[in-house]
Ligand SMILES: Nc1ncnc2c1ncn2[C@@H]1O[C@H](COP(=O)(O)OP(=O)(O)O)[C@@H](O)[C@H]1O
Ligand SMILES: [Mg+2]
């Protein structure tokens, strides 16, 4: 089943007369169960493309369809709801709430997605177990290592069983060993739940665990050389 379809998406960014085309006609589609790496140099448009995929940015032209819904046809509140229920995000920094325990950080995301609290708790505990973080459920972010924080961020991104997981340089702040472990955990859990994953990364060490690569340069997808 197709989770994400982008059709000839174009986006300018900037202000007033100083706008530049950042995404210049991108079409792609991603199926459930796929783990797709989005590779490209800094400034090529990776973060912008992820924001368009999630409906955080609206394209100037073209169409983005997420799990059967055309994002441009939704009002802001509908768009927020679709995002909260269908998308999970992982960023370079964990962005955990410093005043909430690891478990509560995960439960916030479940609550925003409208999960009932019993199911949310069951899912959250199950995920913390599969990420080997259940012993840290009551810890605060300042009491966790970078790799542990990022595992909590993964649980937060996955707890509501999103159709699409978007990860923006998720290993950028980690050493290579914990970076690889975190990414493998993300890919394995997402696959076992039949979610689609789109990961923007510079990290070529992740290539062997992805199902497919997309190369972006200057706002367009570069076809594979034969
Ligand atoms: N909010 C913004 N306003 C103006 N230009 C932006 C904004 N965000 C990104 N850009 C520009 O868009 C281009 C692509 O940025 P980005 O999507 O962040 O690329 P990447 O994630 O691949 O580094 C860059 O030239 C960047 O300067
Ligand atoms: Mg970026």
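Every read-out reported here was derived from the displayed coordinates using simple, explicitly stated rules and does not represent laboratory data. What you see is a predicted model, and the numbers here were worked out from it, not measured in a lab. All Cβ positions, even for glycine, are placed from backbone atoms using ideal geometry, and neighbour counts span all protein chains on display.
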With N residues in segment 101-191, Rg(alpha-carbon) / (2.2 N^0.38 Å) equals 1.01
For the chain, find the longest principal axis of its Cα atoms and tell me its angle to the long axis of helix 176-192, 0 to 90°, nearest 10.
80 degrees
Separation between Cα centres of segment 126-173 and segment 34-63, rounded to whole Å
23 Å
Relative contact order [Cα under 8 Å, 6+ residues apart], the chain, whole percent
30 percent
Bin all alpha-carbon pair distances of segment 54-120 at 10 Å intervals from 0 and give each bin's fraction as a whole percent.
18, 42, 30, 10, 0
Please give the helix 76-86 orientation as an angle from the longest Cα principal axis of the chain, in degrees from 0 to 90, rounded to the nearest 10.
60 degrees
Fewest first, what order do 129, 39 take by the number of other Cβ atoms within 10 Å?
129, 39
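With both bridge residues required to lie in the chain, what share of the DSSP beta bridges run antiparallel, to the nearest 5%?
Numbers: 21 of 38 bridges.
Here the share of antiparallel DSSP bridges comes out near 55 percent.
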GNM, the chain, Cα, under 10 Å: largest mean-square fluctuation among 175, 67, 104?
175
Picking from 166, 206, 66, which is most flexible by a Gaussian network model of the chain using Cα springs under 10 Å?
206
Springs between alpha-carbon pairs under 10 angstrom, Gaussian network model over the chain: which of 177, 82, 159 fluctuates most?
177
Computed over the chain: longest principal axis from alpha-carbon atoms vs helix 102-112 long axis, angle to nearest 10 degrees, is 50 degrees
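From the gyration tensor of the Cα coordinates in the chain, what semi-axes in whole Å does the equivalent ellipsoid have, largest first, with each one equal to sqrt(5λ)? Could you put the intermediate results ahead of the total?
Values: eigenvalues 164, 80, 54 Å².
Ellipsoid half-lengths, sorted descending, are 29, 20, 16 Å.
Can you tell me what the convex hull of the Cα atoms of segment 1-96 projects to on average, as an area in nm²? Don't jump to the answer; show the numbers that get you there.
On the way: hull surface 29.0 nm².
If you wrap the Cα atoms of segment 1-96 in a convex hull and average its projections, you get 7.3 nm².
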